[in-house]
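A.B. asks: Take a look at this one; I'll ask things after.
Read the figures in this text as sums done on the coordinates, not as results from a lab. Treat the numbers as computed from the prediction; the structure is a model and nothing was measured. Cβ: placed from backbone, ideal geometry, glycine included. Neighbour counts: every protein chain shown.
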Amino acid sequence: MVNKHYPPEFKADAVALYRSRPGATIAQIADDLGVNRETLRSWVRLDDQRRGEAGRPAATAKLQPAGTVEEENAELRRRVRELEEERDILRKAARYFAGETRW
């Protein structure tokens, strides 16, 4: 078995992606990124230890109907930032793996 070395930025982005998707499992994220499940699990555990947490943070609420237009706009802006972050992480992962497969 070959040990792959991932850059620290990729590891941090993978953990951030996992944490930004409350309904997702480690297995789903690992499969999406092409990383071994146990590898991603160990990165999450290390991040938990670094943060001093016992486990994954509580799931954030899904989009709820807002009382005012301003509240709704703030919630939608937060969701757009979250989706942009996920997109950027996946782009970085794609670039990383594309560079790894040059024949």
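A.B. asks: Peptides 78-88, 19-29: what's the order by average Cβ count within 10 Å, highest mean first? Intermediate values should be presented prior to the final figure.
C.D. replies: Numbers: 78-88: 11.9, 19-29: 14.0.
The most tightly packed comes first, giving 19-29, 78-88.
A.B. asks: Name all residues of the stretch 15-47 having a backbone nitrogen under 18 Å from the label point set 7 Å from the Cα of ARG79 along its Cα→Cβ direction, giving them as ranges.
C.D. replies: Answer for the stretch 15-47: 20-24.
A.B. asks: Multiplying the sequence separation of TYR6 and ALA24 by 0.36 nm and subtracting their Cα-Cα distance, what value in nm do you get?
C.D. replies: So the extension gain works out to 4.3 nm.
A.B. asks: Compute the length gained on full extension between ARG37 and GLU71: take 0.36 nm times their separation in residues and subtract their Cα-Cα distance, giving the result in nm to one decimal.
C.D. replies: 8.5 nm
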